[in-house]
Amino acid sequence: MSAAAVPAPDPAPDDVVLEARGVEVEFVTRTGHAARALDGVDLSVRRGEVLAIVGESGSGKTTLARTLMGLERPTRGEVVFGGAPLDYSFRGLKAYRSRVQMVLQDAAGSLNPRQTVYESVAEGIRLHRRDRSDEQGRSEAELVAAALAESGLRPPERLFLRYPHELSGGQKQRVLIAGALALRPEVLLADEPVSSLDASIRGEILALLLRFRQELGMGVAVVTHDLGLAWNIADRIAVMYLGRVVECGTTEEVLTAPRHPYTQALLSVVPEIEQLEPVVLTGEVPDPSRIPSGCRFHPRCPKLADGTADRAGVAGDCVGTPLPVLPATGDHRAACHLA
Ligand SMILES: Nc1ncnc2c1ncn2[C@@H]1O[C@H](COP(=O)(O)OP(=O)(O)O)[C@@H](O)[C@H]1O
Ligand SMILES: [Mg+2]
């Protein structure tokens, strides 16, 4: 950096394209209890970055992705896109969906079995582009072909008339991605995008997401329970536990110097990462209708169980003092009385 006389303007805020601000989502369970799947989440997705949202099953990752997509409405807090709160009217959501797209885990279930590849990809274009062509005057067929090719399906025309049952799992996922990509969204949300795919094609699909962030400047948020995957593609990581982000920071920070005992435990069982002692989490399965007092992780925390928290003089806080919501500033932070 040069020492210019005039300071550069603050770079930060306009980088952020999509935000969750204090988002709570409460469901009423079959037994009539309130289950708070999201319990105050602050999160930001920036242009040109891959953010990984990680955590065990049940931590609220899918609910967060659905809420960011406008499919779930926060009971409290708000989703902010381009600086403005989401407009949940029919027209508002329709406009939003052309700018923020989601790719789901189950590609097979997300494609209409009666629709050809061409129809599947063209559907979004028809819904969202009134003139069905782009700024360069490309026709619908050209846009579909380009999106398929960009998603690694070449030559695209050969797939136009195929049906989902004629495609492999990887091809189906690519068709879904092409459908999202055809709209040139500013943000792509991917919920476990490769967990149902063979290991051999996972890398290719992930490389695709990286290219979108690189070449199109898209913000990509990937939901995954796989920390190895996050390590490979994410710029930043948010670790979730029972409806909260409990640790966030750059991938390097969170995965090489984890501060939260929960992150440490998750990491200790990742095969790609050398660790001396795997930490096996015991204790009750997290239940959002019964969020523990104090630190929500305390009933399962290895540092509380082994006396570390006690020796540090925070054991009482772990059990009784709630932790504040982590702000989405991008700094490395952990919601832990020890950290
Ligand atoms: N529609 C719903 N009704 C009731 N509870 C739900 C609903 N969706 C999710 N939950 C609950 O919210 C919690 C978080 O779920 P989810 O967001 O799917 O987590 P993840 O994707 O991390 O596995 C779970 O306890 C789940 O049972
Ligand atoms: Mg999920």
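The values are calculated or read from the model by the stated rules, or taken from the named source; none is laboratory data. Owing to the predicted nature of the structure, the values given are computational and were not obtained by experimental measurement. As a convention, Cβ positions derive from the backbone with ideal geometry for all residues, glycine included, and neighbour counts pool all protein chains shown. All accessible areas refer to the heavy atoms of the entire protein, side chains included, with ligands and DNA or RNA removed. Shrake-Rupley method; radii C 1.70, N 1.55, O 1.52, S 1.80 Å.
Miscellaneous remarks
- Contact annotation: residue pairs with Cβ atoms under 6 Å, 6 or more positions apart or on different chains, pairing a residue in the stretch 52-77 that is more than 9 Å from ligand 2 (Cβ to nearest atom) with a partner that is of a type in the set (Gly, Ala, Ser) and assigned to a helix (DSSP H, G or I), are Ala52/Ala230; Val54/Ala230.
- Gln264, sole failed condition from (1) in a loop (DSSP other than H, G, I, E, B); (2) farther than 27 Å from Val28 by Cα: (1)
- Close contacts from the stretch 214-230, counting a first residue that is within 16 Å of ligand 2 (Cβ to nearest atom) and a second that is among the β-branched types (Val, Ile, Thr) and in a loop (DSSP other than H, G, I, E, B), with Cβ to Cβ under 7 Å and a gap of 6+ residues or different chains, come to Leu227/Val270.
- Identity of the residue in the stretch 78-116, within 16 Å of ligand 2 (Cβ to nearest atom) and outside any loop (DSSP other than H, G, I, E, B), that ends up nearest to Val17 (Cα to Cα): Met102
One line per residue, one yes/no per condition, for (1) assigned to a loop (DSSP other than H, G, I, E, B); (2) of a type in the set (D, E, K, R); (3) open to solvent by 30 Å² or more (accessible area, probe 1.4 Å):
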site: Ser44; (1), (2), (3): no, no, no
site: Leu51; (1), (2), (3): no, no, no
site: Glu56; (1), (2), (3): yes, yes, yes
site: Ser59; (1), (2), (3): yes, no, no
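- Residue identified as of a type outside the set (Lys, Arg), more than 16 Å from ligand 1 (Cβ to nearest atom) and touching a Lys or Arg at 6+ places or on another chain (Cβ under 6 Å) among Gly48, Gly92, Gly55: Gly48
- Qualifying residue in the stretch 284-300 (condition: exposed (fewer than 12 other Cβ atoms within 10 Å of the Cβ) and of a type in the set (Lys, Arg)): yes
- Any hit, the stretch 234-251, residues being of a type in the set (S, T, N, Q), in a strand (DSSP E or B) and open to solvent by less than 40 Å² (accessible area, probe 1.4 Å): no
Results for (1) within 16 Å of ligand 1 (Cβ to nearest atom); (2) farther than 30 Å from Pro155 by Cα; (3) touching a residue at least 60 places away in the same chain (Cβ under 8 Å), shown as yes or no for each residue.
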position	(1), (2), (3)
Ser196	yes, no, yes
Ala199	no, no, no
Ile205	no, no, no
Val254	no, yes, yes
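- Filter pass, Ile205 being open to solvent by less than 30 Å² (accessible area, probe 1.4 Å), at pLDDT below 90 and in contact with a Leu (Cβ under 8 Å, 6 or more places away or on another chain): yes
- In the stretch 17-38, the residue that is surrounded by the fewest Cβ atoms within 10 Å (Cβ to Cβ) out of those that are more than 10 Å from ligand 1 (Cβ to nearest atom) and at pLDDT 95 or above is Gly22.
- One residue from Val223, Val239, Val246 being under 17 Å from Val103 (Cβ atoms), within 16 Å of ligand 1 (Cβ to nearest atom) and at pLDDT 90 or above: Val223
- Hits in the stretch 301-319 (condition: among the small types (Gly, Ala, Ser) and open to solvent by 50 Å² or more (accessible area, probe 1.4 Å)): Ala305, Ala312, Gly313, Gly316
- The stretch 78-97, residues that are within 18 Å of Val245 (Cβ to Cβ) and touching a residue at least 60 places away in the same chain (Cβ under 8 Å): Val79, Val80
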